[in-house]
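One structure below.
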Amino acid sequence: MKKLLLPIALAGLMVAGCGVKSDQADEAAVQMTSMRNAPIDSASTPTLASSTTMNRAIIRSASLRLRVDKVDKSEKEANAIIARAGGYVDSVESTDLATPDPKISIRARIPVAAFDVTLERLEALGTRLSKSIKGEDVTEKVVDLDARLKTMTAQEDVYRNMLRQAHELSASTQLQDKLMSLRADIESLTGQRKSLASAAALSTIELVLQQQASPTVMAQSDPSWSSSSWQTAQSSATSALRNLAVFFMWVAAYAPLWIPGLALAWFGRRLLRKQPSRA
């Protein structure tokens, strides 16, 4: 009897152990599935920048205003400097070219490696009137987008495998809807990633070339400058005479008030002068 009970007990222990291992495997599978579907927490997830060596993604931009002798000549020189730096002119806007004070605005995209040198060469074209430089570090944004794209791409592969194995029409429809929504999110994040990478790779320089005309050029370009100056002087003199007339009108209007007061002050002063002579 004891010989029979011993094999039965051993068999029972083996079955119990297999059941425990099966439960643990199911629980581990559930945990892996929940971790796969859980959203990324940027605060708890280590960034690639902290674990690997990578260049910082910095969007740089500058605004430069110069006074130059000739805007057309300086524009050609600026275009040559931009081309030598490997950049290109994004837009050009010119104003008042037929006047003594012409102005040309140039918006250029420059490789970030040549940003400082190009800015110095452009500044040497004339006299600096104003200058500003800005920088925005978007490294963390790029790393976060890369991590999200990696997770979403893996999730898309899971959905595609499930769609291949789906046999019911309702399940296939639900999976296709999820795939379409997920694909739209992936394309949106991919566009944001490309936009940030492009902005970090090519910096922006806003250059304004301003030409200030001399008085001789101004007189030659505007033959009526003497007549306009005379009209301005006449207008100023007329305004001064008008203000003086208004002042006398106010004085005459308030005469009933200030004349008696002035008369009393005059008589009082005479009385004060006569008192010492009588004594």
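The values are calculated or read from the model by the stated rules, or taken from the named source; none is laboratory data. This one's a predicted model, so the numbers in the text were calculated from it and none came from an experiment. Positions of Cβ are backbone-derived with ideal geometry, glycine not excepted, and every protein chain shown enters the neighbour counts. We work out accessible area using only protein heavy atoms, side chains counted, and drop any ligands, DNA or RNA first. Shrake-Rupley method; radii C 1.70, N 1.55, O 1.52, S 1.80 Å.
Somewhere in region 138-151, is a residue touching a residue at least 12 places away in the same chain (Cβ under 8 Å), open to solvent by less than 70 Å² (accessible area, probe 1.4 Å) and over 24 Å from ALA197 (Cα atoms)?
no
Consider region 96-111. How many of its residues are at pLDDT 85 or above and over 19 Å from the mean Cα position of the chain (by Cα)? Full working, then the answer.
Here is the first cut: in region 96-111, the residues at pLDDT 85 or above are 102-111.
Retained after the next criterion (residues that are over 19 Å from the mean Cα position of the chain (by Cα)): 102-104.
Count: 3.
Tell me the residue from ALA213, ALA233, ALA219 that is modelled with pLDDT under 80, part of a loop (DSSP other than H, G, I, E, B), open to solvent by less than 70 Å² (accessible area, probe 1.4 Å) and of a type in the set (A, V, I, L, M, F, W, C), please.
Values: ALA233 fails: part of a loop (DSSP other than H, G, I, E, B); ALA219 fails: part of a loop (DSSP other than H, G, I, E, B).
The unique qualifying residue is ALA213.
Name every residue in region 236-251 that is open to solvent by less than 70 Å² (accessible area, probe 1.4 Å) and of a type in the set (Gly, Ala, Ser), in order of residue number.
Once the filter is applied, which keeps residues that are open to solvent by less than 70 Å² (accessible area, probe 1.4 Å) and of a type in the set (Gly, Ala, Ser), region 236-251 yields ALA237, SER239, ALA240, ALA245.
Go through region 110-137 and report how many residues are under 27 Å from ALA197 (Cα atoms), buried (at least 19 other Cβ atoms within 10 Å of the Cβ) and not aromatic (Phe, Trp, Tyr).
4
Is one or more of the residues making up region 121-142 more than 18 Å from the chain's Cα centre (by Cα), under 30 Å from THR190 (Cβ atoms) and among the small types (Gly, Ala, Ser)?
Taking every residue of region 121-142 in turn, none turns out to be more than 18 Å from the chain's Cα centre (by Cα), under 30 Å from THR190 (Cβ atoms) and among the small types (Gly, Ala, Ser).
Considering region 157-193 alone, what residues qualify as being in contact (Cβ under 8 Å) with a residue 24 or more places away in the chain and either under 34 Å from the mean Cα position of the chain (by Cα) or open to solvent by 60 Å² or more (accessible area, probe 1.4 Å) (or both)?
Within region 157-193, LEU182, ARG183, ASP185, ILE186, LEU189, THR190, GLN192, ARG193 meet the criteria.
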